[in-house]
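Visitor: Attaching a single structure in structure tokens format; questions to follow.
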Amino acid sequence: MAKMRLDKLLSNMGIGTRKEVKKYIKDGLAEVNKETVLDPSKIVDTEKDEVLFDGEKIEYKEFIYLMMNKPQGVVSATEDKFEETVIDLLSEEIALRKVFPVGRLDKDTEGLLIITNDGELAHKLLSPKKKVVKKYYAEILGKITTEDVKKFKEGIILEDGYKTMPAELEIIESSEISKVYISIIEGKYHQIKRMFDALGKKVLYLKRVSMGNLVLDENLQPGEWRELTEEEVNLLKNSI
Ligand code: URA
């Protein structure tokens, strides 16, 4: 969309709420093609016009893509009455851009969470039809056997009777607390925990390590996030 109101553009770029931005414009803080514009409803061309706010050039980007290493203890939602959400961990400037998490990780699950305002991409990444692989690292109480690997591959019948699609279970270490990778292409509620429950085993720790071709940046500590590079956005888009 190349044409939009000046106040909408500045608000979309995280300058402030629509109301705040209208005031800033009336205060003379916005320039279009080197002229101060006092009318918030002025239509600008996001591809051609040069927009400055408080002297700084505003590069219009319709979509924003972030990766977060979700920490335990926060919920994967945009709002919650009682709990801290992943959106609460972002800067105000980013949160103003109406971003949301792509799918949910449980409150006690860590790891890769993509946060964006690109609804179409989010929808495709989550659609089972697209078979985007979500890979997790998990620690499980008790030994994991090749029989378990076979059951994951065949699909597991959960407690409600649903049979999961074939999933890959890779054993890193089988002992009192086993370490494994699990790759699934669906995202049913508590899916991995329920798959292990069905085998009489308990997940002690769960972390998502990749989604499609996009791998969690291990330099991000739990709770940290950053924008995806252009290359990473392409990796994601090439996963669907
Ligand atoms: N499966 C689960 O059980 N929990 C998650 O957070 C993700 C997958």
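Visitor: To one decimal place, what orientation-averaged projected area in nm² is obtained for the convex hull of the Cα set of the chain?
Guide: For the chain, the mean projected area of the Cα convex hull comes to 15.1 nm².
Visitor: How compact and how long is region 133-211, expressed as Rg and Dmax of its alpha-carbon atoms in Å?
Guide: My reading of the Cα-based Rg and Dmax gives 11.2, 30 Å.
Visitor: Give me the percent relative contact order of the chain, please, defined on Cα pairs under 8 angstrom at least 6 residues apart.
Guide: 19 percent
Visitor: Can you tell me how region 1-53 classifies by the Cα gyration tensor, rounded, prolate or oblate, using a/c under 1.5 as the rounded cut? Please list the in-between numbers first.
Guide: Numbers: a/c = 1.77, a/b = 1.19, b/c = 1.49.
Oblate is the answer for region 1-53, as a/c is 1.5 or above yet b/c matches or exceeds a/b.
Visitor: Follow-up question, since we're still on this one. Between region 1-20 and region 81-125, what is the separation of their alpha carbon centroids in Å?
Guide: 21 Å
Visitor: May I ask you to derive the FRET efficiency for residue 45 and residue 238 from their Cβ-Cβ distance with R0 = 45 Å, giving the value to the nearest 0.05? Numbers along the way, then the final one.
Guide: Values: r = 30 Å, r/R0 = 0.67.
With a Förster radius of 45 Å, E is 0.90.
Visitor: Please give the Cα centre distance for region 166-233 versus region 47-61, rounded to the nearest Å.
Guide: Region 166-233 and region 47-61 have Cα centres spaced 40 Å from each other.
Visitor: In a Gaussian network model over the chain where Cα atoms closer than 10 Å are linked, find which of 186, 20, 139 has the largest mean-square fluctuation.
Guide: For the chain, modelled as a Gaussian network with Cα springs under 10 Å, the answer is 20.
Visitor: As a footprinting exposure proxy, order 11, 41, 127, 239 by other Cβ within 10 Å, with the fewest listed first.
Guide: Numbers: 11 22, 41 11, 127 14, 239 18.
The fewest-first ordering by Cβ neighbours comes to 41, 127, 239, 11.
Visitor: How about residue 135: which aspartates and glutamates have a C-alpha closer than 13 Å to its C-alpha, ignoring those fewer than 8 places off in the same chain?
Guide: By straight Cα distance, residue 135 reaches 110, 168, 170, 186.
Laboratory data are not the source of any read-out in this text; all were calculated from the coordinates shown. Here the structure is a predicted model, which is why all the values come from computation and not from measurement. For neighbour counting, all protein chains shown are included, and Cβ atoms are generated from backbone atoms with ideal geometry for every residue, glycine included.
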